[in-house]
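Working notes for the structure below.
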Amino acid sequence: MKLAVYPGSFDPLTNGHIDIIERGTHLFDRIIVAILVNVEKSPLFSMQERVEIVKDVFKNRPTVEVDTFDGLLVDYVTRRKADVIVRGLRALSDFESEFQMALMNRRLGPNIETVFMMPAEQYTYISSRMIKEVFSLGGQVRGLVPDVVERRLKEKQLMKGNVNVS
Ligand code: PNS
């Protein structure tokens, strides 16, 4: 049984993330989308909302699980008895920080391997941050995020009158 963990903030889930998860399901028996409980950042979507979004998108995919974690990623991966960390690489600019993270994780957990996957070309420029910024400034995000994210962004905009992208 090959179990992989795909960690991230997912604030919000984008079609780039979905593409990576889909590709991961072809390589691994099970993939856990592990959402970081990050106390330092102030996310737009609450942890519960982020979990609900991933669950909604993958509701018919029993090999995709959603979970949350805090603390060290390698501790979480070990606790879940997984052996692979999946990370998406969009462009060369991602490489340096991802390389550092992968090597630090290897030092902390020598038996855990990081696997980098490339999303489809049409998603290589998307980031959660850019989605929030474009949406908050009135730009169109359809096709870049799942419908449920677009709907929830609109709901937030209606509730608050604006969307804070910080
Ligand atoms: O979606 P993101 O924000 O790029 O994900 C970053 C994430 C969650 C993978 C990374 O911040 C992380 O693993 N945090 C947990 C703390 C940790 O293990 N740090 C040491 C490895 S650099």
Checklist outcome for this item: Of those in segment 101-128 that are within 13 Å of the ligand (Cβ to nearest atom) and part of a strand (DSSP E or B), the residue surrounded by the most Cβ atoms within 10 Å (Cβ to Cβ) is T114
Next on the checklist: Looking for something open to solvent by 30 Å² or more (accessible area, probe 1.4 Å) and either in a loop (DSSP other than H, G, I, E, B) or touching a Gly at 6+ places or on another chain (Cβ under 8 Å) (or both) - is there at least one such residue anywhere in segment 141-155?
Outcome noted: yes
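Among the residues of segment 65-95 satisfying the criterion of being aliphatic (A, V, I, L, M) and outside any loop (DSSP other than H, G, I, E, B), which is modelled with the lowest pLDDT?
L92
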Checklist outcome for this item: Of the listed residues (P12, P43, P62), the one being modelled with pLDDT of 95 or more, assigned to a loop (DSSP other than H, G, I, E, B) and surrounded by 14 or more Cβ atoms within 10 Å (Cβ to Cβ) is P12
Checklist entry - In segment 43-66, is there at least one residue being in contact with a Pro (Cβ under 8 Å, 6 or more places away or on another chain) and near the ligand (Cβ under 10 Å from one of its atoms)? => result no
Next on the checklist: Residues that are more than 13 Å from the ligand (Cβ to nearest atom) and free of Cβ contacts under 8 Å to residues at least 40 places away in the same chain: does segment 15-22 have at least one?
Outcome noted: yes
Checklist outcome for this item: Of (1) farther than 24 Å from E113 by Cα; (2) in contact with a helix residue (DSSP H, G or I) (Cβ under 7 Å, 6 or more places away or on another chain); (3) not hydrophobic (A, V, I, L, M, F, W, C), R50 satisfies every one except (2)
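The values are calculated or read from the model by the stated rules, or taken from the named source; none is laboratory data. Fair warning: this is a prediction, and the values are worked out from it, not measured in the lab. FYI the Cβ positions are ideal-geometry reconstructions off the backbone, even for glycines, and counts take in every protein chain you see. Surface areas here come from the heavy atoms of the whole protein model, side chains and all, with no ligands, DNA or RNA. Shrake-Rupley method; radii C 1.70, N 1.55, O 1.52, S 1.80 Å.
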